[in-house]
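Trainee: Next up is a structure, given as structure tokens.
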Amino acid sequence: MRRLVILGSTGSIGEQALELVAAADDLELVAISAERRWERLIAQAQQHGVRRVAIADEQSAQLARAAWDGEVLSGPEALAELIVAAEPDLVLNAIVGSAGLAATVITLSEGIDLALANKESLVVGGELVIELAAATGARLLPVDSEHSALYQLIASENGQPPGTIERLTLTASGGPFRGRRREDLEAVTVEEALDHPTWQMGGKISIDSATLMNKGLELIEAHQLFGVAYNDLEVVVHPQSIVHAMISLADGSSLAHLGYPDMKVPIAYALHWPQRTKLELAPLDLEQLGSLNFEAVDNEAFPCLSLALAAGREGGTAPCVLNAANEVAVAAFLDRRCAFLQIAEVIEATLSDAEIMQSYSFETLIDADRAARATAAEHLVTLA
Ligand code: NAD
Ligand code: MG
């Protein structure tokens with residue numbers, strides 16, 4: 001039995017992971033956490049026989065305590081207490097945003113293997129997170145579909161001489177606004193932006209997919225996870241989301257990872273690694289698909305990808321600032337406080353104001369994140 005903790009269990013990834021846990025006979029769920037949806041969290045705990053939960057929002061935690069006789073942790077140390085007390089073999093971090101960094105750090109510091117959906121952890125503190133995993137020997141298993149695909153493809157070349165893998169390619173669906181010009185994006189609504197053509201996801205990542213910031217965050221994630229230079233990483237738009245990633249090899253061959261877009265596949269891979277597990281999914285039907293299309297990214301209509309790449313190349317605290325500004329701008333867009341194209345403007349203005357530090361600690365990252373959020377909020381006011 002593998003003892004599992006799911007952080008962010010009430011979210012899109014969290015709920016899908018719970019379905020997989022219910023169907024698996026080798027996973028024992030020992031603790032779960034959420035931000036504030038306590039009723040859903042308690043229902044999950046009851047359904048899965050979990051006796052210990054953490055809730056970030058204090059008021060929601062109090063309501064949960066009044067309604068349930070299990071252990072409800074809250075406060076700044078809640079996640080650390082939860083993880084240590086649960087003694088898991090594996091933690092799934094499915095929290096959204098830089099709020100997930102602390103959970104990544106706690107898990108890896110304890111030497112516990114981490115299934116990481118929270119890509120923002122690697123964007124904000126990539127070098128430190130990777131160093132921490134190496135120091136404690138904890139394994140980092142990516143849940144993001146492209147990175148799960150790359151992880152598997154790279155593993156298939158294990159034992160080959162250095163330099164065998166020359167290039168990594170991540171595919172992007174292009175989001176709901178693929179094919180539109182910049183001027184066609186001025187008046188797009190929240191509903192249109194949330195209407196993703198191939199993936200069903202939480203609100204923040206759906207907007208990131210519409211701006212292509214998601215692919216920018218994923219480039220930084222891939223750079224950190226696989227230690228590959230930005231020059232050797234590329235993005236190609238692939239509207240069907242069937243090819244998730246590809247690696248190009250020294251002998252002229254390329255290996256790709258294919259499947260219908262379904263997050264259960266990469267989640268299950270991370271939860272069961274190194275075993276593959278049986279999922280009741282339709283096999284890929286190439287005849288029915290007929291054709292797969294690929295096209296270049298329109299960087300003028302979708303400037304967030306270039307902003308992320310530039311921040312990644314700059315390094316230091318630049319990706320942390322980029323991510324914080326993006327979180328503030330996306331929240332404002334979802335709240336209808338800013339227009340779609342202003343998301344990129346807020347990020348660019350925040351990055352140009354920020355003092356980027358090349359060397360940093362987890363504490364400096366928290367400061368840089370906080371400062372960037374304040375600057376981004378000011379830019380939102382100026383733009384309004
Ligand atoms: P979501 O918004 O559906 O769920 C987020 C979860 O995080 C919720 O359970 C929420 O309670 C919890 N949470 C939020 N803020 C928190 C805080 N301050 N403290 C503790 N918990 C908090 O998000 P999602 O779509 O499931 O995405 C989760 C992560 O997985 C993100 O980093 C996202 O980029 C990544 N991811 C998601 C998908 C997808 O298909 N949804 C695909 C690839 C990667
Ligand atoms: Mg992805």
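Trainee: Within 15 Å, Cβ to Cβ, of residue 89, how many net charges do the neighbouring residues add up to if Lys/Arg are +1 and Asp/Glu are -1?
Mentor: Spelling it out: positives minus negatives among the neighbours equals -2.
Trainee: Using the Karplus curve 6.51 cos²θ - 1.76 cosθ + 1.60 with θ = phi - 60°, what ³J(HN,Hα) values do you get for each residue of region 280-290, in whole Hz, with x for Gly and Pro?
Mentor: 7, 10, 5, x, 5, 10, 5, 4, 5, 5, x
Trainee: Net charge around residue 355, counting only other residues with Cβ within less than 13 Å of its Cβ (Lys, Arg = +1; Asp, Glu = -1)?
Mentor: -3
Trainee: Restricted to Cα positions, what overall size does region 2-143 have along the principal axes? Three whole-Å values, descending.
Mentor: Principal extents (largest minus smallest coordinate, Cα): 42, 34, 25 Å.
Trainee: Under a point-charge model restricted to the Cβ atoms of Lys and Arg (+1) and Asp and Glu (-1), what is the dipole moment magnitude of the chain relative to its Cα centre, in debye to the nearest 20?
Mentor: Once rounded to the nearest 20, the dipole reads 460 debye.
Trainee: Any idea what Rg and Dmax come out to for the chain if you just take the C-alpha atoms, in Å?
Mentor: 20.3, 63
Trainee: Answer with one residue from 149, 86, 198: the one whose Cα lies farthest towards the positive end of the charge dipole of the chain, charges on Cβ with Lys, Arg +1 and Asp, Glu -1.
Mentor: Selected residue: 86.
Trainee: Translational diffusion coefficient of region 145-227 at 10 °C, 1.306 mPa s, Stokes-Einstein with Kirkwood Rh over Cα pairs, in µm²/s as a whole number.
Mentor: Here the translational diffusion coefficient equals 109 µm²/s.
Trainee: Can you list residues from other chains, or at least 5 along the same chain, whose modelled amide H is less than 5 Å from the amide H of residue 141?
Mentor: Placed amide hydrogens put 114, 115, 116 under 5 Å from residue 141.
Trainee: Related question: In a solvent-free Debye calculation with one equal scatterer on each Cα, what is log10 I(q)/I(0) for region 287-362 at q = 0.11, 0.25, 0.26 Å⁻¹, listed in the order of the q values?
Mentor: At q = 0.11, 0.25, 0.26 Å⁻¹ the computed log10 ratios are -0.38, -1.13, -1.18.
Trainee: Out of the total accessible area of the chain (probe 1.4 Å, heavy atoms of protein only), what percent is carbon and sulfur?
Mentor: 50
Trainee: Taking a probe of 1.4 Å, how large is the accessible area per residue of the chain, in Å²?
Mentor: It amounts to 44 Å² per residue over the chain.
Trainee: Which residue, 133, 249, 13, has the largest displacement toward the positive end of the dipole of the chain when charges sit on each Cβ (Lys, Arg +1; Asp, Glu -1)?
Mentor: The residue sitting farthest along the positive end of the dipole is 13.
Trainee: Could you give the size of the charge dipole of region 20-69 about its Cα centre, using +1 on the Cβ of each K and R and -1 on the Cβ of each D and E, expressed in debye and rounded to the nearest 20?
Mentor: 180
Trainee: Suppose every Lys and Arg Cβ carries +1 and every Asp and Glu Cβ carries -1, with no other charges. What dipole size does region 2-143 come out with about its Cα centre, to the nearest 20 debye?
Mentor: Rounded to the nearest 20 debye, it is 200 debye.
Trainee: Quick one: what Rg and Dmax do you get for region 4-83 from the alpha carbons, in Å?
Mentor: When restricted to the Cα atoms of region 4-83, Rg and Dmax are 11.5, 35 Å.
Trainee: Can you list which of the GluC sites (Glu not before Pro) found in region 77-157 are DSSP loop residues with at most 15 other C-beta atoms within 10 Å?
Mentor: In loop regions of region 77-157 (DSSP not H, G, I, E or B), the sparsely surrounded GluC sites (Glu not before Pro) are 77, 157.
Trainee: Check each of the trypsin sites (Lys or Arg not before Pro) in region 151-230 and keep only those in coil by DSSP with at most 14 other C-beta atoms within 10 angstrom; list them in order.
Mentor: Sparse-neighbourhood loop trypsin sites (Lys or Arg not before Pro): 181.
Trainee: Going by amide H atoms built from the backbone, whose H comes under 5 Å of the H on residue 73, apart from near neighbours?
Mentor: Those qualifying (amide H under 5 Å, at least 5 residues apart or on another chain) are 53, 54, 55.
Trainee: While we're here: Counting helices only, and only those DSSP H runs with n ≥ 4, report the 222 nm mean residue ellipticity of the chain as the sum of -39,500 (n - 2.57) divided by its residues, in deg cm²/dmol to the nearest 500.
Mentor: Theoretical 222 nm ellipticity from helices: -15000 deg cm²/dmol.
The values are calculated or read from the model by the stated rules, or taken from the named source; none is laboratory data. Treat the numbers as computed from the prediction; the structure is a model and nothing was measured. In this analysis, Cβ positions are derived from the backbone assuming ideal geometry, glycine residues included, and neighbour counts consider all displayed protein chains. Accessible surface areas use protein heavy atoms only, side chains included; no ligands, DNA or RNA. Shrake-Rupley method; radii C 1.70, N 1.55, O 1.52, S 1.80 Å.
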